Amino acid sequence: MAAQIYKNLIDGEWVASRSGQTFENLNPADTRDVVGVFQRSDTRDVDDAVAAAKQAWEQWRLTPAPKRAEIIFRCGEILQQRKEEYSQLMTREMGKVLRETRGDVQEAIDTAYYMAGEGRRLFGATVPSELPNKFAMAVRTPIGVCGMIAPWNFPMAIPSWKIFPALVCGNSVTPSGQCSIVVKYGLWPWPTDWFTHQIFHTFWNPSPLSR
């Protein structure tokens, strides 16, 4: 059976790298097992992902925080349903024992649920003013596109710590979707990361994630 080919998610579309090149990700326990074929992306792909993330951010930042949080919660629900599937895949792709990879996926589930709650707690502050007839307050506002770097050995847990908070707060992300986040994952891209982006893309298009 031919190995699955994974593409980059940019501007709501799964696309091949501009380089036209790919490489194989091999099971470290059995190098005859090709886990997947990935895009050998270059700086042009990064530029495309950042541009898409900027565009998606214009809509995402205006989405009410509780609504953004609901989408993150639904992501957590799907991660819970597919926990064993993703754990098995993670063991194939990077070699951790199943007990560890199940914990890795559970970290992402827990983070999704936690940050879903934060969507209704993005409180600002009101303070007494030193000037007469003045009202002083602070309002939290999204910053923009986030570029994120995550290591290879926790391919789902650590990215979730970065991505879910940024998205709930109205930023976009580019992990190395169309949310507006750009993320770079250690030395290699991971199928489990690909599936995380696929889940989010199910609920929001254009997604604030690009990879």
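Throughout, read-outs are computed from the coordinates displayed, never taken from laboratory work. As the structure is a computational prediction, the values presented were derived from the model and not from experiment. Here the Cβ is made from the backbone with ideal geometry for all residues, glycine too, and neighbour counts use every protein chain on show.
Restricting attention to segment 110-132, the residues being among the acidic types (Asp, Glu) and more than 14 Å from Cys169 (Cβ to Cβ) number 2. On the stretch given as segment 111-123, residues that are charged (D, E, K, R) and exposed (fewer than 15 other Cβ atoms within 10 Å of the Cβ) total 2. Taking segment 52-69 as the range and being loosely packed, with under 15 Cβ neighbours inside 10 Å and of a type in the set (D, E, K, R) as the test, the residues that pass are Glu58, Lys67. A count restricted to segment 132-164 and to residues that are touching a helix residue (DSSP H, G or I) at 6+ places or on another chain (Cβ under 9 Å) and either buried (at least 18 other Cβ atoms within 10 Å of the Cβ) or not small (Gly, Ala, Ser) (or both) stands at 21. The set of residues in segment 11-24 being closer than 26 Å to Asn171 by Cβ and outside any loop (DSSP other than H, G, I, E, B) consists of Glu13, Trp14, Val15.
Taking every residue in segment 3-19 that is under 13 Å from Ala49 (Cβ atoms) and pairing it with any residue that is crowded, with 17+ Cβ neighbours inside 10 Å and among the β-branched types (Val, Ile, Thr), at least 6 positions away or on another chain, the pairs with Cβ-Cβ distances below 9 Å are Ile10/Thr174. Scanning segment 83-99 for residues that are of a type in the set (D, E, K, R) and surrounded by fewer than 15 Cβ atoms within 10 Å (Cβ to Cβ) yields Glu84, Glu85, Arg99.
Taken over segment 25-77, the residue count meeting the criterion of being touching a strand residue (DSSP E or B) at 6+ places or on another chain (Cβ under 8 Å) and assigned to a helix (DSSP H, G or I) is 11.
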